[in-house]
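Encoded as structure tokens, the structure appears first; notes follow it.
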Amino acid sequence: HEGIDVYDRRSQSFTHIQRPWIIVDSIGGRTWISSIVEIADGSFLIGYSGQNELDSGLLVYDRKTGEFEKPPLIEDLDLTNVWGIQKSKDGTVWITGFRGLYKVNFEKNIAQKIESKDFQAFRYFQTAIDSSGLLWMTANSSSLLSFNPTTEELKTYTYPHNVYAKNVFPELDRIAIDRDNNVWLASSNGMVLFDIEKQSTSLSFFKSWN
């Protein structure tokens, strides 16, 4: 919420970067930096979200100048409440927000929203890319989704598979891919391991209710 902290491994110290003036608190709530990724020129693409859709979007932080700016390339995209940003091996940046999935490539000057009726049913949160290049996303209704950038095929895996677990996992907040290409999912109530090959959950760790 207060900005960005840069950790220097050599000096083992932090440098604080004050959040830019353009990120203002929403009426009735705070606006926070939700995601950050390095892009081709060494700058950082930063996503931020707030209570008000107008208080959300994307910024680029130039490390050389120390300046924040809105990228002209994404000005026409219908971006609100940016949650997840992931960069694939070819330099494409995938962005998730409440209104869908977006594809941006600053080197190729490409910026587009992935248009599909299948995408309209969800609000998107966090993202991760596996070793094969598939984009994995968490969404509302406790859903896990995979998107193939080549075929643009979207698959939905609604987790959990039983009523008890569904009550424990109202939303899936975080996602990560491990070195064995498994998908780890987490919420405020626990964590689950999703096996991509078996397309099923194999381990669950729930917070104690005692």
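So here's what we get for this one:
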| read-out | value |
| --- | --- |
| By accessible area with a 1.4 Å probe, ligands and nucleic acids excluded, highest first: order of Glu38, Glu152, Glu115 | Glu115, Glu152, Glu38 |
| Charge tally in the Cβ shell below 10 Å around Ser146, where Lys, Arg are +1 and Asp, Glu are -1, Ser146 excluded | -1 |
| Local net charge near Ile95, Cβ-Cβ under 13 Å (Lys/Arg +1, Asp/Glu -1) | +3 |
| Added length on full extension, which subtracts the Cα-Cα distance from 0.36 nm per residue, Asp8 to Asp130 | 41.1 nm |
| Residues whose placed amide H lies under 5 Å from that of Arg63, excluding near-sequence neighbours | Phe44 |
| Subset of Lys113/Lys198; Lys87/Lys198; Lys108/Lys198 violating a 28 Å alpha-carbon distance limit | Lys113/Lys198; Lys108/Lys198 |
| Neighbour net charge for Phe44 - beta-carbon separation under 12 angstrom, K R +1, D E -1 | -2 |
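The values are calculated or read from the model by the stated rules, or taken from the named source; none is laboratory data. What you see is a predicted model; the values in this text were computed from it and never measured. Neighbour counts are summed over all protein chains in view; Cβ atoms, including those assigned to glycine, are modelled from backbone coordinates with ideal geometry. Just so you know, the surface numbers come from the protein's heavy atoms only, side chains and all, with ligands and any DNA or RNA stripped out. Shrake-Rupley method; radii C 1.70, N 1.55, O 1.52, S 1.80 Å.
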